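The values are calculated or read from the model by the stated rules, or taken from the named source; none is laboratory data. Since the structure is predicted, the reported quantities are computational estimates derived from the model, not experimental observations. Neighbour counts run over all protein chains shown; Cβ positions are idealised from the backbone, glycine included.
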Amino acid sequence: MALADYKRDMEGCSRCSSCKWVPFNQIKSWRFAKNCPSICRYNFHAYSGSGRMIIANSILEGRSELNEAVAEIVYRCQLCGACDTACKVYRDDIDLTEVLLELRAFCVESGELLVEHMAVIDALKREDNVLGEPKERRGEWAAGLPLKDINRETCEVFFHAGCRYSYDPDLRDTLRGAVSLLLDAGVEVGIAGAEESCCGGRAYELGYRGEAANYADDLLSRVKASGARTLVTACADGYAHLRYLYPRMGKELPCEVLHITQYLDRLLAGGRLRLRNSLPTLFTYHDPCHLGRMGEPFLSDWKGDKLERPMSLKRAGRKGVYEEPRRLLRALPGAGLAEMERIREYAWCCGAGGGVLEAFPDFALWTAAERLEEALASGAEALATACPWCVRAFRDTASQAGIDLPVYDLIDLAVTAAGISVPAPA
């Protein structure tokens, strides 16, 4: 697809501004009624989903030109999908997120690139990860764990760690805890170790389609060679890209793809995961964008009139992963759940996605702080989530802004409640 293929979507926008708000029947208070970090932060219509569609259509028709200032507006967006989800409550025929993605690809094709994003892509090409960390250190997190090497042998479950978990020193223990839970349940787990590469999803979101396709091919070949029937990832970003982007690119994986919370939920239901230790804490749960509304599976591209598109083929955010993380949280002995006002497909973003963290860190910080304020308003004692980018964003923001709210990864809570021993790195 190309930007021009979405011209009818752009022309169909009635500028109703629904893309800026949580759907009206879901609003609990005026304080937390808005859904788009970009329009809230910059308060000018161009920074909304509708505004960016107007920009794209204007460029296509030659009424305006793409330049550095316009590109900055395009990229001051986390691609969280909230505008699309809200729009689809009222309109069946507009795929707003797809327009935003194509607009970024158009920017790259036109040479309007952000220096910060070029650095991310250079790091990706050089070290196979978006953080620019040494390729050879990617598998160090697994030192001493009895995991299979899928580069040499087959396995039942292929565990894809992802870039952030693999290299963030504060999150490596979380990753070790994830596979330790699986091993304790008797699951045969294999990893690619130092040979693991980025899933390519971040490159796709930045508009670099060729690089994204290359990394999809790499992972596809590794999964085929592993013989795994299931791929499990703890990274919400990776989950969304594997479930939606890969099949849409014609690179569907020959196995079931599950997020770690989904797999742990199955183990819990089957009695293979037992949570015994009490965690007497009132938590609130943050729905990661890529696990929730952006985590819907790809079904098919609709070729005809979108007004005739059946509801089952409409990407409306409702088929994301919402129940499994909450069941896991509720299963923690002694724990309680206090929901925020904006939840599930209407959740507010953590701020780290879409290249915003790399190019506009102040905007990312502001966005995360807004979510932490909402978490505090829920009356919860701590925040739990299921994405390494969200955990990193919230912890950093809480520290910098002086917000007293502990932030936990659901994996760590499950490890504590299960009472299993996670070996120290060898």
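Being touching a Pro at 6+ places or on another chain (Cβ under 6 Å) and among the charged types (D, E, K, R) is the requirement here; does Arg202 meet it? When the stated conditions are applied, Arg202 does not pass them.
Residue count for region 258-288 satisfying the condition of being outside any loop (DSSP other than H, G, I, E, B) and farther than 20 Å from Gly320 by Cβ: 2.
Okay, residues lined up against (1) at positive phi; (2) in a helix (DSSP H, G or I); (3) modelled with pLDDT of 95 or more; (4) among the basic types (Lys, Arg):
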residue	(1), (2), (3), (4)
Glu324	no, yes, yes, no
Leu328	no, yes, yes, no
Leu332	no, no, yes, no
Gly351	yes, no, yes, no
Glu358	no, yes, yes, no
Trp366	no, yes, yes, no
Ala380	no, no, yes, no
Leu383	no, no, yes, no
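Where residues in region 35-94 are farther than 21 Å from Tyr346 by Cβ and of a type in the set (Gly, Ala, Ser), which of them is surrounded by the most Cβ atoms within 10 Å (Cβ to Cβ)? In this case the residue turns out to be Ala56. For region 307-365, a residue qualifies if it is closer than 16 Å to Tyr239 by Cβ and either assigned by TED's automatic domain parsing to the domain that holds Val108 or of a type in the set (Val, Ile, Thr) (or both), and exactly one does: Val321.
At pLDDT below 95, over 26 Å from Cys199 (Cα atoms) and aliphatic (A, V, I, L, M): does that describe Leu275? So Leu275 fails the test. Within region 405-426, if we keep just the residues that are in a loop (DSSP other than H, G, I, E, B) and of a type in the set (Gly, Ala, Ser), the residue that is modelled with the highest pLDDT turns out to be Gly419.
Residues checked against (1) surrounded by fewer than 22 Cβ atoms within 10 Å (Cβ to Cβ); (2) under 22 Å from Met118 (Cβ atoms); (3) in the same structural domain as Val130 (by TED's automatic domain parsing):
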{"position": "Ser166", "(1), (2), (3)": "no, no, yes"}
{"position": "Pro169", "(1), (2), (3)": "yes, no, yes"}
{"position": "Leu182", "(1), (2), (3)": "no, no, yes"}
{"position": "Ala185", "(1), (2), (3)": "yes, no, yes"}
{"position": "Ile191", "(1), (2), (3)": "no, no, yes"}
{"position": "Ser197", "(1), (2), (3)": "yes, yes, yes"}
{"position": "Glu211", "(1), (2), (3)": "yes, yes, yes"}
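The single residue among Ala228, Ala212, Ala216, Ala203 that is small (Gly, Ala, Ser) and not in a helix (DSSP H, G or I) turns out to be Ala228.
Region 1-81 holds helices (runs of 4 or more DSSP H) entirely within its bounds, and those carrying 2 or more residues that are closer than 16 Å to Leu101 by Cα map to 7-12, 49-60, 68-75.
There is at least one residue in region 272-287 that is touching a Pro at 6+ places or on another chain (Cβ under 8 Å), farther than 28 Å from Lys7 by Cβ, hydroxyl-bearing (Ser, Thr, Tyr) and in contact (Cβ under 8 Å) with a residue 40 or more places away in the chain. Residues that are in contact with a helix residue (DSSP H, G or I) (Cβ under 6 Å, 6 or more places away or on another chain), part of a helix (DSSP H, G or I) and surrounded by fewer than 21 Cβ atoms within 10 Å (Cβ to Cβ) do not occur anywhere in region 144-164.
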